[in-house]
1. Mind checking the angle between helix 98-125 and the chain's longest principal axis? C-alpha axes, 0 to 90 degrees, to the nearest 10.
2. Which percent of the accessible heavy-atom area of the stretch 147-494 goes to carbon and sulfur, probe 1.4 angstrom?
3. Can you compute the radius of gyration and Dmax for the chain, using only the Cα atoms, both in Å?
4. Relative to the first principal axis of the alpha-carbon coordinates of the chain, what is the inclination of helix 61-82, with its axis defined by its Cα atoms, in degrees from 0 to 90 and to the nearest 10?
5. Under the Karplus relation 6.51 cos²θ - 1.76 cosθ + 1.60, θ = phi - 60°, what is the ordered set of whole-Hz ³J(HN,Hα) values for the stretch 488-505, x standing for Gly and Pro?
6. Two decimals is fine: what's Rg over Rh for the stretch 458-498, C-alpha atoms, Kirkwood radius as Rh?
7. List the residues, sorted by chain then number, that are 5 or more residues from R468 or on another chain and whose placed amide H is less than 5 Å from its amide H.
8. HN-Hα J couplings of the stretch 288-300 from phi, Karplus 6.51/-1.76/1.60, θ = phi - 60°, integer Hz, Gly and Pro as x?
Amino acid sequence: MLVEPAAVEEEVIVVKPRVRKLANQFNFCERAALTYNFPRRSVETQTIPPPRANFGSTALQCIIFDFYQEDYARKMREKEEEKPKRLRKKKEKHPKSAQQIHDEQLAQRIREAWAILERLVNQNIYDDIAQDYRYWDDPSDEFREGMGSLLPLWRFQFEPMRSHAVCDMQWNPHYQDLFAVAYGSLDFTKQQKEGCVCLYSIKNPAYPEYAVVTESPIICIDVYKETPYLICVGCYDGNVCVYNAQLSLESSYQYKSDSVRDKHSNIVWEVRWGARLIDGEASFFSVSGDGRVVQWAVMPGELRATTIIELRAPAAPVPGPDGTLITVNSCGSSICFHPEKADIFLVGTEDGAIHTCSLKYNRSYVRSCQAHHMPVYRINYNYFNNSIYASCSGDWRVKIWEDGRDEPLFMFELGSPVGDVKWAPYSSTVFAACTADGKVYVFDLNVNKYRPICVQAVVSKKAKKLTRLDFNPKLPVIVCGDTKGTCHVLKLSPNLRVMVKPPKKAQATDQRTLQIIKLDKLLTLVRDPPFTPGVVEEKFEDD
């Protein structure tokens, strides 16, 4: 029987595609990133227990202090060992025994007792001078208004330094009867081989309280105001040193510049202590004949030098042997810092220029003016007005300047090279100057704007010359030095130290305010209004 094709049902197999299971996107991990973790194993060891003991003590201040002293000494030894061999301090070949230390301490106590006895004997010998110093005033001042005199008191001289000159001197800022003296030589044709740093006290005119002989003549000196036993000096050979008057003379200088790397290549003409650095270290500045102003940081055990500015001469560059142009440096001769702005300082040069410089901008000068025709020997700011300063030079002139002006307010010609000029700390219009012909000039601009109120010969101009002078900050005396190593202490007469009387309506006004008002009245008669004094331009304030 035949079946029709339509009646036969064909069986159709439907193949469904395989659906891929999606990975959990929130908990996905890669097999290649998995690492094998080793199973943990515990290892046990058995040791002998450490010995134990009970201890009790009281931590007193002295015990803590001794511990810190030992720890500090240990750190200093480690720091000394880390230094190169050339910077390490030489160790003593034979350490001192306990008996030697005891003998030195006993000798020190004996020296102190003898020093007191020596003062008593000298005060009896110089009793007349001590009485004049304390009580005597020139009675003739009452009959000569506007004129004064200087009374000679003591003369200080160190016998080994009779052939040396007093190159610099300064009263101690803390002890009113103590002053420091630098002995060197200003005669460069017959230069001395050694110098000396001395500390004199008016309680003992016979012998210095402190004296140390140096390997090179000392040209300049400055006493640190914060710690008055630290004295920085500048030498003839270009080195700078820091002396500690509290140490024994066996230790000599405490710090000294490296003679190979960090030193000046010419005479150091003046040194001045500056403000402390950011880290708290003390620092001082030096100016030399090589045309550099260098800042010295007093680090533990060493001095680090940083060149602040190089003084450029106005002359054109000179061609060298190989054809290159060489700029000529100007020789620096003096430096003075602004009393309020620690980053502003004045530099005097041997060609007579005075440059105003800034520590924030050392590429060039802030201001510059041709002040004198010969080397500028000293620059000194007024104690009551920080925009007024005086300068002296070898061209026989003393000039009074104001910041921002190219022309001096006052000019005085003294007929001889002027070695030093200083403002009086008690009056805003009084200043003194010493000259090479052995005279001391005292000016009071409030009394006479053209002539000095006192001219007195201190030494003979044929045999000696006056080099430096300084006002005592508290006592009515000045000290000046000559070329034969003698320091002369002079007392100011009453007319040279007149104080300002307060007006009736303002009796409670202090003396400093009255001195400032007195100087401002004097300046209004001299300067051309309107004028705004300024030290630094605006572009240097934000540097």
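The values are calculated or read from the model by the stated rules, or taken from the named source; none is laboratory data. Quick caveat: nothing in here was measured; it's all calculated off a predicted structure. Neighbour counts are summed over all protein chains in view; Cβ atoms, including those assigned to glycine, are modelled from backbone coordinates with ideal geometry. SASA here: full protein model, heavy atoms, side chains in, ligands and nucleic acids out. Shrake-Rupley method; radii C 1.70, N 1.55, O 1.52, S 1.80 Å.
1. 30
2. Working: 6890 of 13710 Å².
Answer for the stretch 147-494 is 50 percent, counting heavy atoms of protein chains only.
3. 37.4, 175
4. 80
5. After applying 6.51 cos²θ - 1.76 cosθ + 1.60, I find 10, 9, 10, 9, 7, 6, x, 5, 8, 9, 7, 8, 7, 7, x, x, 5, 7 Hz.
6. Rg/Rh: 1.04.
7. Hits under the 5 Å cutoff: G481.
8. For the stretch 288-300, the Karplus-derived couplings read 9, x, 7, x, 10, 10, 10, 9, 10, 8, 7, 8, x Hz, x marking Gly and Pro.
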